[in-house]
Amino acid sequence: MRIARLLGIGWLFQFKQMSRSSFDSFLAICWPIFFATVAFFMFRQGGKPDALIYAGLGAAVMGIWTATSVAAGSALQRERWHGTLELLVAAPTHFSVVLLPIGLATASIGVYCMIATILWGRFVFGIDLPVDEPLSMALAIPATLLSIGALGFLIAVAFARFRYAWAIGSMTEYPIWLICGFLVPLTLLPNWVPPISWVLAPTWGMNAIRESSTGGTPLPDIAMCFALGSVYVFLGVIGTEAVLRAARAKASLSLT
Amino acid sequence: MTSLRIFFIGGLMAYRGLINWLSPWIFIPTLVVAPIFQILLFVFIGRSAGVESDKFFVIGNAVQYASIPCLFSMTNAISGERYQQTLAYLLVSPAGRLSLFLGRAVPVVVNAMFVAAFSLVVTSLILGISIPPTTWPAIALAIAVSAFACTGLGLICAAIGLRVRETAVLNNVLFGLLLIFTGANVAVTELPEWMQWISNRIPLTHGIQAARQLADGASLADVSGLIATEFAIGIVYTVVGYQAIRLMERESRKRASVQVA
C-alpha cells in the first residue's frame, strides 16, 4: 500500500512538474508533429490511403517515445542539478520506487503528444483513424504507456552514471521510431532487425494499437507489453542496486 | 589586426569554452549517430511510401541536419555568455562587435560542414549509394554555403537568446520547421503554394537542391544560381542576426537586464 501510494504521488508530482516545463511538454508535443507532418506529406505523395492511416497511428505513438527518451535519460541528472539526488537515495524507500514514477510520468506526457498528433492528422491532413475495437484500444493505450514508461525507467537506471545521459536518451529516438515499426513495416527492414524489435515493448504497443484500430487481435500484443514491461522493471530494480552501490563506493553520486 | 585576432582566435576560444556539445559524450550521440538514423528513418519511410530515391533522402537530410550545429552552437556561442555570467564583461570590452560576434560563427560553420559531410558519406556507404567522386568538391561547396546560410539563422536565435531563456525549445522548433519547409524529404514543388513561398526564403532549401543536382551529375555552373541564392539568403540572415544582436545589446543595457538569465 505504501509503495502504491509512493508510486502514485511520485507520478503525479513528476507529471505536474514536467507539464510546466516547456521543454518536456510543449516541445515533446511539437517534435513528433514535425516528423508526422513530413511523413504525412510523403505518404500522401505516394497516393496510398491505407499507408496514410498506418502512418497516422504510428505518428501518434511516436510522441510517447519522444517524451520518454530524452526526459528519462536525464531524469537522474535533473535530480543532481536540483540537489535532491542524495536526499532521494538516502530516503528509507527503495530508490527504484522513486525512479519508476519518473519513467511513467514521461510516458504519460506522451498522451498529450498522441492526442495532438491525432488531431493534427485529422484536421490538417484529413486522416480519419478508425477504432474498430474501442475496448481493446482502451486497454492497448495504457499498456503501451506503461511498458514504454518501464523502458524509460530502465534507461534512467542504465544511464544513471553518465553525465550526458540526455544525449544518449535523445540518440535512441530515431532508432526506436524506425525499428519498432511506427512508420515503416518491420518487413521492410533487414532480416537482422526484427529480432531486436521484438524485445522492445514499443513494437508490441504499436501492434496492439494498430490491431485495435483495424479490428484484429490485440490481446497477445497487449500481453507482450505487460510481460516486457515487467522484465524492464525487474532489470531496473536490480540495476538500481548496482548503480547506487558503485556510486557510493566511488563517491560519485552527486558529480555533475 | 586586433579585429582579426578577435575574429579568429577569440571566436575559436569562445566556441570551445561555451559549446559543451564538443564533449564526445554529446558530440557522438547527437551529431554523429543521430543524423545517420534520421537519414535511415526517412529512407525507409520513403521506400514504404514509394516516393523518391534513397539518394534524395540521404542528401536532403544530411544537409538539413547541419542546422543542428548551426542553430544550437551559434545560439550557445553568444547567449551562453549569459549562463556563464560573462556577458557583462564581454559587452563592456572595447572589442569590435562585428569581429566579436561573427568570429564565433566560423567554427560553427566548420562543425556543421563536418556533420553534414560525415553523415552523407557514412549513409551513402551503408545504403550503397553511388555519388561520383568528381562531384564531391562541388557538393562540399554547396554544404559550406548552406551551413553559412543556416548559421545566419543561428545568429538570429542567438539574439533572441539574449532575451529569452528557452533557447533549446526555440532551436528545436526551428529545426522541425526546417525539416518540413526545406524540401529535405518532400520536394518543394509537392508542398502547398504558401509553404513553397516560405521554402524559397529560408536557408538550406537551395543548398539541398544544388547538392542533389550535383550528385545527379550536374556541373557547378549548372547550380551556380542555386548556390548564389543560398549565399544571398545567408547574407540577409547574417545581417539581420547581427543587427538583432546589437539591438538586444542596446536594449539589455537600457533595461539593466544584461545578465538576467
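Below, the figures for the structure above:
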quantity: Sequence-separation-based contact order of the stretch A:179-254, relative, with Cα cut under 8 Å and 6+ spacing, percent; calculated: 21
quantity: Residue B:22/residue A:128 FRET efficiency (R0 30 Å; Cβ-Cβ; nearest 0.05); calculated: 0.05
quantity: Spacing of the two label points (7 Å from each Cα toward its C-beta) at residue B:190 and residue A:19, in nm; calculated: 3.9
quantity: Separation between Cα centres of the stretch B:116-187 and the stretch B:1-47, rounded to whole Å; calculated: 11
quantity: Chain A: relative contact order as a whole-number percent, Cα under 8 Å and 6+ apart; calculated: 26
quantity: Shielding by other protein chains, A:131-139, mean Cβ within 10 Å; calculated: 0
quantity: Cleavage-rule hits, chymotrypsin sites (Phe, Trp or Tyr not before Pro), the stretch A:128-219, DSSP coil, Cβ neighbours within 10 Å at most 12; calculated: A:192
quantity: For residues of B:17-24, the mean tally of beta carbons on other chains within 10 Å; calculated: 1
quantity: Test item: A:33-39 mean partner chain Cβ contacts at 10 Å; calculated: 6
quantity: Filtered trypsin sites (Lys or Arg not before Pro), the stretch B:138-215: DSSP coil and at most 14 other beta carbons within 10 Å; calculated: B:165, B:201
quantity: Farthest positive-ward along the stretch A:2-249 dipole, Cα basis, beta-carbon charges - from A:40, A:193, A:249; calculated: A:249
quantity: Highest to lowest packing among A:46-59, A:6-19, scored as the average C-beta count within 10 Å; calculated: A:46-59, A:6-19
quantity: Over the protein assembly as shown: helical MRE at 222 nm, DSSP H runs n ≥ 4 each giving -39500 (n - 2.57), nearest 500; calculated: -23500 deg cm²/dmol
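Each value in this text was obtained by applying a stated rule to the coordinates, not by laboratory testing. Worth saying up front: this structure is predicted, and the values here are computed from it rather than measured. Quick reminder, even Gly has a Cβ in these numbers, built from the backbone with ideal geometry, and neighbours come from all protein chains shown.
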